[in-house]
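Q: Take a look at this one; I'll ask things after.
Only the coordinates and a few stated rules stand behind these numbers; no lab work does. What you are looking at is a predicted structure, and each value in this text was computed from that prediction instead of being measured. Cβ placement follows ideal geometry from the backbone for every residue including glycine, while neighbour counts extend to all protein chains displayed.
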Amino acid sequence: MSAVLRRAGALLALLPFAALAEDADLKLSLELSAETRTFLQPAAYANQADDTVGLSVSVLPELYYAWSRDGSITFQPFARWDSIDDERTHADVRELFLQQRAGAFDLRAGVGRVFWGVTESVHLVDIVNQTDLVENPDGEDKLGQPMLSLAWTSPALGTFTGFVLPYFRERTLPGADARLRAPLPYAIGDAVYESRREERHIDYALRWNVSAGPLDLGLSHFSGTARAPRFMPGLTPSGPVLVPVYDLIEQTGLDANLVVEGGWIWKLEAIHQQNRVEDYSAAAGGFEYTFSGVFDSAWDIGALTEYLWDSRGDDAPTPFQNDVFVGTRIAANDTASTEILAGAIIDTQRGGIFGNVEASRRIGAAGKLVLELRLFMDADARDPLYFLRRDDYLQIEYIRYF
Amino acid sequence: MKLWPRSEARVAASLIVALCATLVAAPSRAETPEEKGLAIAKEAERRNDGFGDTSATMQMILRNRQGEESKREIRSQVLEVAGDGDKSLIIFDQPKDVEGTALLTYSHKTADDDRWLYLPALKRVKRIAGNNKAGPFMGSEFAFEDLGSQEVEKYTYKYLRDETLDGQDCFVTERYPVDKDSGYTRQVIWMDKAEYRPLKIEFYDRKQSLLKTLEFKEYQKYLDKYWRPSRLDMVNHQTGKSTTLLFKNYKFRNGYTDRDFDQNSLKAAR
């Protein structure tokens, strides 16, 4: 880590001179965001804050410098302040890495973000980065992951990428006064590890992906500390808590996309995980069909359906063990890039419904308005979604780009 | 130098006569308008063969009916692929909310193009369906199919007439998209006889009414051979909206390979 920082520091010092090189490229940008999150019902648990409206601001600067077509560094820190949750007031280095291409090889060293997967409702295969859960309960925000990765690409065989992940990041979890948590507060900072090296356990991952005409295929294997903790009840002087436990796992994943002429994309993600508690498999698969230019307008309307399954059934710690996701993606294709993604994940056994609407629209040349509505409905007490039954919220965010 | 023996000379002479006869006869054998239209399109493609690769920056100026403007800035890289459509990588710089978003396209002669969109906020490469070719590109008056690789096989043709456009002798040809997902029933294209460059295209929608007119302006010659317009003006007659596309920094022979158009490049594109 410190070696990477030193290297990055040395490169930064050289910027004014290197900027003269012909292919060199320096980019500085900044995203400022302000949001209000309004919870539609009063809190369910005793020590949660009474506020139903949370305010929050965040900042995401980025520096990118390329000294040639093949080499660059990226630095992207992030910070947020939140009016309700002290745990959501946090900072992170999202990216700080060096990227270098040499022939068929791509090297990445530093803190980075990697995404694997194809489905829309859940991301089973994606495992390299830890979830920054306090950012958004959908789990799509991630913490920066220290990594060294080397990819080899062959025109015939696709790309093989190896990862060494020398440091583990704990999942961020909502504080005791926050919404969107389990009935007991989390013992944040007191995580228990299976590995004696704890967060210094070195994880490894390997991925092969190939695109052949209408098919994109990925196979991956991860060996190391689970990104998703399980929780054990614990007692502290201030009362009972949930202690996050991070087991060592072996996880193999498959993801595939198949485009079928006429607007269909079929998607499949499947994993098998070995751990010390219970080995399991999980899968998500379905399709996205796009009606293009509906009613002779510029609008595209997509229909999404996915089936979610987990071999642990009702014992699965996920709410999505036997669920159906239905949704629609609407793009107006106007100058403001108006877009709506609306959907629901419906539990076919326990009746719970996770409803989600995301809408966005550009405001002016450098602003964007994003609306997010999340509903946790009808879950019975066996469904982990039940914990969130009073946490329906509407979020309005304005992002300004510099 | 040895002269040809008489018999061989006679054979050669008769061959030349036969060849000339064919050449003279061909046009008079009443080449159909369809054949002539196709021949013009093929000649235009032949003249563009071998460009290798190009890069350019583009500014897009979108105007609504009231004349209000919004701007987009993109960079493009194109790799010529022998025997298939081109590969292209488009990187968005403006508006800022889509900065770093990149679109990778493997175009094909007749099949749907393969397309991947890179979303930098999620670091996600998303496969996108190939059937929305009629949809607007970034809210502009250009459809994806207007900006895609213009392969001969994507249309059937019919030569209409000769005409002078802005003082240049032109072929006027009609072409009909082969793809049923196209937003057009036909296009009328003016191509100058001297260089086989498109100068103007009229687009007719699915109801056969005139939808848009595209004009190609300020052509410049690169590598002493390849003509590229510096400005495209697209006017939508049905909505009153228009889009101007300005090309800058055209560069040929950047030495791109397939590596510059794979998914790792898409992720590294900035």
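Q: Return the FRET efficiency for the residue pair B:Lys180, A:Lys27: r is the Cβ-Cβ distance, R0 is 41 Å, and the value is rounded to the nearest 0.05.
A: 0.45
Q: How well do other chains shield peptide A:288-298, expressed as the mean number of their Cβ atoms within 10 Å of each residue Cβ?
A: 4
Q: Continuing with this model, one more query. Using 30 Å as the Cα-Cα cut-off, could you pick out the over-long pairs in B:Lys217/B:Lys267; B:Lys71/B:Lys158; B:Lys42/B:Lys221?
A: Working: B:Lys217/B:Lys267 34 Å; B:Lys71/B:Lys158 37 Å; B:Lys42/B:Lys221 20 Å.
Checking Cα-Cα distances, B:Lys217/B:Lys267; B:Lys71/B:Lys158 exceed 30 Å.
Q: Do me a favour and compute the ellipsoid semi-axes for region A:294-402 from its Cα gyration tensor, root of five times each eigenvalue, largest one first, whole Å. Before the final figure, lay out the partial values.
A: Numbers: eigenvalues 205, 62, 20 Å².
The equivalent ellipsoid of region A:294-402 has semi-axes of 32, 18, 10 Å.
Q: Then there is this: Using the Cα centre as the reference, give the magnitude of the dipole from point charges on the C-beta atoms of chain A (Lys, Arg: +1; Asp, Glu: -1; all else neutral), rounded to the nearest 20 debye.
A: Roughly 1000 debye for chain A.
Q: Angle check, please: helix B:33-48 long axis (alpha carbons) against the longest principal axis of chain B (alpha carbons), in degrees 0 to 90, nearest 10.
A: 70 degrees
Q: Something else now. Using the structure shown, list the pairs from B:Lys87/B:Lys180; A:Lys27/B:Lys126; A:Lys27/A:Lys267; A:Lys267/B:Lys154 with a Cα-Cα distance above 31 Å, or answer none. Walk me through the numbers on the way to the answer.
A: On the way: B:Lys87/B:Lys180 22 Å; A:Lys27/B:Lys126 25 Å; A:Lys27/A:Lys267 35 Å; A:Lys267/B:Lys154 29 Å.
Exceeds cut-off: A:Lys27/A:Lys267.
Q: Which one, A:Leu30, B:Gly85, B:Pro229, is farthest towards the positive end of the dipole of the protein assembly as shown when Lys and Arg carry +1 and Asp and Glu -1 on their Cβ?
A: B:Pro229
Q: Going highest first, how would you order B:36-44, A:155-163 by mean Cβ packing within 10 Å?
A: Values: B:36-44: 18.6, A:155-163: 15.1.
Descending mean neighbour count gives B:36-44, A:155-163.
Q: Scan around A:Val114 for amide H atoms under 5 Å from its own, H built in the peptide plane at 1.01 Å from N, and keep only partners 5 or more places away or cross-chain.
A: Correct list: A:Asn129.
Q: Provide the per-residue ³J(HN,Hα) series for region B:158-170, in order, calculated from phi with Karplus coefficients 6.51, -1.76, 1.60 and θ = phi - 60°, each as a whole number of Hz, with x at glycine and proline positions.
A: Once rounded to whole Hz, the list reads 8, 6, 9, 6, 9, 7, 9, 10, 6, x, 10, 5, 10.
Q: Next question. Please provide three numbers in whole Å: the alpha-carbon extents of chain B along the principal axes, with the largest listed first.
A: Each principal axis gives a Cα extent; for chain B these are 78, 43, 33 Å.
Q: Moving on. From the backbone phi of region A:109-121, what are the Karplus-calculated ³J(HN,Hα) couplings (6.51 cos²θ - 1.76 cosθ + 1.60, θ = phi - 60°) in whole Hz, Gly and Pro given as x?
A: Rounded to whole hertz, the list is 9, x, 9, x, 9, 10, 10, 10, x, 9, 7, 9, 7.
Q: Between A:Tyr167 and A:Ala46, what is the label-point separation in nm under the 7 Å Cα-to-beta-carbon projection?
A: Here the answer is 3.9 nm between the modelled labels.
Q: Mean-square fluctuation check for chain B, GNM, Cα pairs under 10 Å: which of B:Lys87, B:Lys212, B:Lys248 is largest?
A: Between B:Lys87, B:Lys212, B:Lys248, it is B:Lys248 that shows the largest mean-square fluctuation.
Q: Same structure again: Label A:Glu199 and B:Asn254 with points 7 Å out from Cα along Cα→Cβ: what is the distance between them in nm?
A: 4.1 nm
Q: Follow-up question, since we're still on this one. Magnitude of the Cβ-charge dipole of chain B, K/R +1 and D/E -1, about the Cα centre, nearest 20 debye?
A: 320 debye
Q: For q values of 0.06 Å⁻¹, compute log₁₀ I(q)/I(0) with the Debye formula on a Cα-only model of chain A, without solvent.
A: -0.26
Q: Using only the alpha-carbon atoms, how far is helix B:6-28 inclined from the longest principal axis of chain B? Give it as 0 to 90 degrees, nearest 10.
A: 50 degrees
Q: Assigning unit charges at the beta carbon (Lys, Arg +1; Asp, Glu -1) and nothing else, what dipole magnitude in debye, to the nearest 20, does the protein assembly as shown show about its Cα centre?
A: Here the protein assembly as shown has a charge dipole of around 2080 debye.
Q: Right, another one. So how far, in whole Å, is the C-alpha centre of region A:31-72 from the one of region B:109-174?
A: 39 Å
Q: Roughly what would the spin-label model give for A:Ala182 and A:Ala359, points 7 Å off Cα along C-beta, in nm?
A: 3.6 nm
Q: On to the next question. Enter the mean projected area of the convex hull around the alpha-carbon atoms of region B:65-107, in nm², rounded to one decimal.
A: Details: hull surface 16.7 nm².
The directionally averaged projection comes out at 4.2 nm².
Q: Hey, another quick one. If you take each beta carbon of peptide B:227-235 and count the beta carbons of other chains within 10 angstrom, what is the mean?
A: Mean partner shielding for this stretch: 0.
Q: Taking every pair of alpha-carbon atoms in the protein assembly as shown, what share in percent sits in each 20 Å bin, from 0 to the bin with the longest distance?
A: 16, 47, 27, 8, 2, 0
Q: OK, next. Computed FRET efficiency, Cβ-Cβ of A:Trp264 and B:Lys207, R0 25 Å: what is it to the nearest 0.05? Show your work: numbers first, answer last.
A: Details: r = 27 Å, r/R0 = 1.07.
Between A:Trp264 and B:Lys207 the formula returns 0.40.
Q: Whole-Hz ³J(HN,Hα) for each residue in region A:57-63, computed from phi via Karplus 6.51 cos²θ - 1.76 cosθ + 1.60 with θ = phi - 60°, x for glycine and proline: what do you get?
A: After applying 6.51 cos²θ - 1.76 cosθ + 1.60, I find 10, 9, 9, 9, x, 8, 10 Hz.
Q: Cut-off 10 angstrom, C-alpha nodes, Gaussian network model of chain B. Which of B:Glu202, B:Glu31, B:Glu45 fluctuates the most?
A: B:Glu31
Q: Given springs between every Cα pair under 10 Å in a Gaussian network model of chain A, which of A:Trp67, A:Trp309, A:Trp116 has the largest fluctuation?
A: A:Trp67
Q: Near A:Ala212, within a Cβ-to-Cβ distance under 13 Å, what is the net charge of the other residues, with Lys and Arg +1 and Asp and Glu -1?
A: Within the 13 Å Cβ shell, the charges total -2.
Q: With runs of 4+ DSSP H residues as the only contributors, calculate the mean residue ellipticity of chain A at 222 nm using -39,500 (n - 2.57) per run, divided by the residue total and rounded to the nearest 500.
A: On the way: 1 runs with 17 residues, N = 402.
-1500 deg cm²/dmol, from helical runs alone.
Q: Right, another one. Figure the gain on full extension for B:Gln238 and B:Gln220 (residue separation times 0.36 nm, minus the Cα-Cα span) and round it to one decimal in nm.
A: Separation in residues times 0.36 nm, less the Cα-Cα distance, equals 3.4 nm.
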